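The values are calculated or read from the model by the stated rules, or taken from the named source; none is laboratory data. None of the values given here were measured: they were computed from a predicted structure. Here the Cβ positions follow ideal geometry from the backbone for every residue, glycine too, while neighbour counts run over all protein chains shown.
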Amino acid sequence: MTFTLLLDLDDTLLDSDMDKFIPVYFHKLGEAMADYVAPEKMLQFLMLGTNAMIENDTPVETLEKVFERKFYPNLEIERDILDPIIADFYEKIFPTLSFLTKVRPEAVDLVEWAFSRGYKVTISTNPLFPKAAVDWRLRWAGLAPEKYPFEVISSFEKFHFSKPNPAYFAEVLGRIGWDEGPVLVVGDDPERDLRAAQELGLAAYWIADDEAILPEGVSSPLGRGSIGELRGWIEAQGEEKFTPNYQAQSAIVATSKAIPAALSEILSNLSAAEWTKSSHPDEWSLVEIISHLRDVEREVNLPRIQTFLREENPFITADDTDLWVAERGYATQDGKAVLEDFIEARVETLNVLNKLSEKDWQRSGRHAIFGPITLREQMAFTTEHDRVHLRQVYKELRG
C-alpha cells in the first residue's frame, strides 16, 4: 500500500507570512483593475467571494463557480473586459511578489525524499486561489510543478471544498483514487490543517516549534516539529500509526460530500466511448459504476436512513444491487447525465444527514448480514462502499 503525504504550502513548504503577503497581493490586484473598478469596491466583492468559497458545503459547484457568482455581477463590468486583465496580472505582476517569500531548502529535500520512496505527494494548499497563483508559489518554494509529479495541486478551479472543512481533505484523497494505505497531513495551521485532518480521521504533523500552543478543541497531532525534521520523524514511526480511521460522524459526512465532488472532476470531459469501455469483460464500465452509485443512493442509502429514523430497531435488508447493472441496462445510459443524477441524489441524502442529532446517529437496527447495527455504523459501511467504487473508477481510468 502506498504512503500518501498531504502537504500544505504556505508556512509549510514555503516560508511566507500570509498576514503580510495577502494585503500586498490584494493591493496589486486592485491596482491592475483600477481603470475599470475602484480598488475598494474590488476588494469588497473579492472578500465576499472568498467567504462564499470558505462557507461552501456542497459538491454541486467548484469554488471557482461559487466565487464568480459573488464577484463578477457586483462589479457591473463585463467579464470579457476583466478576464484578460486578471490573466495578465497572474502572468506578469503576481510573479513579482516572490520577494515576500523565502525558499525552505529542507522542504525541497523532504519532497524529493518522498518521491524517491514512491510516496504519493499532494500539494494540499487551501484552494482559494487560481492555479496560476498556486503554481507561482510552488516555484518560489523551489518545487516547480513542471518538475515535480505531484498527484494533485489544489486550486479553486477544480475543488469544491476548502479548509477547515474536513471534506476538503476527503476531496484530495478522492481525486487521487483514495488508496487504502497510510496517510499523513502536514501543515502549520491548527484549525485548517490539524482539526480538519483529525475530523476526517487522518494522522497529522504540525509544523510548529515547542513553544507553540494548540487552541482549545484541537487534539495533539501525531507529531510536531520543523519541515526539516519530518523525514526522520516519519522513518522513526511504524506505518500502522498513519492508518486512517474513517468511522467518526464527521468523517462519514465529509466523505459523503467529497466522493461526488471528486468524481465530477476525474470524470469530466470524457467521450461517450470512454464512458462505456471496460478494461476487462468482467469489470464494469464507468457508466455502469456511476449508474450503480446513483440507484443505490436513491433506492438503498437514503431509504435506509429514513427507516432508521422512522422505526424503532428496524430490520435492514441486504439488497443484491449488482444485478441491476444488467437488468436496468446501465451500459446504454448517458454517463454525464447519470453523474449529475448521482450528485443530485447525494445532495438529498446530505440534507438529511446534516439535520441528524447525536441521538439519531446512535439509533439501532438489525442488519440482515451484520446483525445489530447503529445508523452511524450503517453510514460507515455506505462510505466504504463509496470508496471501493471510487477506486474502481480510478483503476478503470488508468486502464
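Residues that are β-branched (Val, Ile, Thr) and modelled with pLDDT of 95 or more were ranked within the range 355-388; the one that is surrounded by the fewest Cβ atoms within 10 Å (Cβ to Cβ) is VAL388.
Assess whether SER226 counts as being under 20 Å from ASP11 (Cβ atoms), among the polar types (S, T, N, Q) and surrounded by fewer than 13 Cβ atoms within 10 Å (Cβ to Cβ). Before you say what the answer is, go through the steps one by one.
Numbers: under 20 Å from ASP11 (Cβ atoms): yes; among the polar types (S, T, N, Q): yes; surrounded by fewer than 13 Cβ atoms within 10 Å (Cβ to Cβ): no.
No, not satisfied.
To keep it simple, each residue is scored yes or no on (1) among the basic types (Lys, Arg); (2) touching a His at 6+ places or on another chain (Cβ under 6 Å); (3) under 20 Å from PRO23 (Cβ atoms).
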{"site": "ALA107", "(1), (2), (3)": "no, no, no"}
{"site": "ALA114", "(1), (2), (3)": "no, no, no"}
{"site": "PRO127", "(1), (2), (3)": "no, no, no"}
{"site": "LYS131", "(1), (2), (3)": "yes, no, no"}
{"site": "TRP136", "(1), (2), (3)": "no, no, yes"}
{"site": "GLY142", "(1), (2), (3)": "no, no, no"}
{"site": "HIS160", "(1), (2), (3)": "no, no, no"}
{"site": "LYS163", "(1), (2), (3)": "yes, no, no"}
{"site": "GLU171", "(1), (2), (3)": "no, no, no"}
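Taking the range 202-291 as the region of interest, the helices (runs of 4 or more DSSP H) fully inside it that hold 3 or more residues being in contact with a Leu (Cβ under 6 Å, 6 or more places away or on another chain) are 249-266. Could we say that ILE343 is assigned by TED's automatic domain parsing to the domain that holds ARG294, surrounded by 14 or more Cβ atoms within 10 Å (Cβ to Cβ) and under 30 Å from TYR330 (Cα atoms) here? Yes, satisfied. In the range 385-398, the residue that is nearest to HIS292 (Cα to Cα) out of those that are among the charged types (D, E, K, R) and in contact with a helix residue (DSSP H, G or I) (Cβ under 9 Å, 6 or more places away or on another chain) is ASP386. The set of residues in the range 285-326 that are at pLDDT 95 or above and of a type in the set (Asp, Glu) comprises GLU288, ASP295, GLU297, GLU299, GLU311, GLU312. Inspection of the range 97-105 identifies at least one residue that is under 30 Å from PRO182 (Cβ atoms) and in a helix (DSSP H, G or I).
Check ILE81, ILE93 and return the single one that is modelled with pLDDT under 95 and in a helix (DSSP H, G or I). I'd like the intermediate steps shown before the answer.
Values: ILE93 fails: modelled with pLDDT under 95.
Residue meeting the stated conditions: ILE81.
Considering only the range 313-328, state which residues are of a type outside the set (Phe, Trp, Tyr) and either part of a helix (DSSP H, G or I) or in contact with a Cys (Cβ under 8 Å, 6 or more places away or on another chain) (or both).
THR321, ASP322, LEU323, VAL325, ALA326, GLU327
Table: residues versus (1) under 26 Å from the mean Cα position of the chain (by Cα); (2) of a type in the set (S, T, N, Q); (3) surrounded by fewer than 18 Cβ atoms within 10 Å (Cβ to Cβ); (4) not assigned by TED's automatic domain parsing to the domain that holds ARG231.
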| residue | (1), (2), (3), (4) |
| --- | --- |
| GLU61 | yes, no, yes, no |
| PRO84 | no, no, yes, no |
| LYS102 | no, no, yes, no |
| ASN126 | yes, yes, no, no |
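Checked against the criterion of being surrounded by 14 or more Cβ atoms within 10 Å (Cβ to Cβ), touching a Phe, Trp or Tyr at 6+ places or on another chain (Cβ under 8 Å) and closer than 24 Å to VAL347 by Cα, the range 298-314 has no qualifying residue.
Within the range 261-280, residues that are outside the structural domain of VAL172 (by TED's automatic domain parsing) and crowded, with 18+ Cβ neighbours inside 10 Å have Cβ atoms under 8 Å from residues that are part of a helix (DSSP H, G or I) and acidic (Asp, Glu) in these pairs: ALA261/GLU171; ALA262/GLU171, counting only partners at least 6 apart in sequence or on another chain.
Restricting attention to the range 181-192, does a residue exist that is at pLDDT below 95 and either crowded, with 16+ Cβ neighbours inside 10 Å or on the phi < 0 side of the Ramachandran plot (or both)? The answer is yes, given that some residue of the range 181-192 is at pLDDT below 95 and either crowded, with 16+ Cβ neighbours inside 10 Å or on the phi < 0 side of the Ramachandran plot (or both).
Among all residues of the range 169-187, there is at least one that is outside the structural domain of GLU384 (by TED's automatic domain parsing), among the basic types (Lys, Arg) and within 16 Å of the chain's Cα centre (by Cα).
Kindly provide the set of residues from the range 9-40 that are among the small types (Gly, Ala, Ser) and either within 25 Å of ASP209 (Cβ to Cβ) or outside any helix (DSSP H, G or I) (or both), ordered by number. Can you show your working first?
Keep residues of the range 9-40 that are among the small types (Gly, Ala, Ser), which gives 16, 30, 32, 34, 38.
Correct list: SER16, ALA34, ALA38.
Being assigned to a helix (DSSP H, G or I), within 16 Å of SER162 (Cα to Cα) and either without any contact (Cβ under 8 Å) to a residue 40 or more places away in the chain or touching a Lys or Arg at 6+ places or on another chain (Cβ under 6 Å) (or both): is that true of LYS65 here? Considered against the rule, which asks whether it is assigned to a helix (DSSP H, G or I), within 16 Å of SER162 (Cα to Cα) and either without any contact (Cβ under 8 Å) to a residue 40 or more places away in the chain or touching a Lys or Arg at 6+ places or on another chain (Cβ under 6 Å) (or both), LYS65 comes out as yes.
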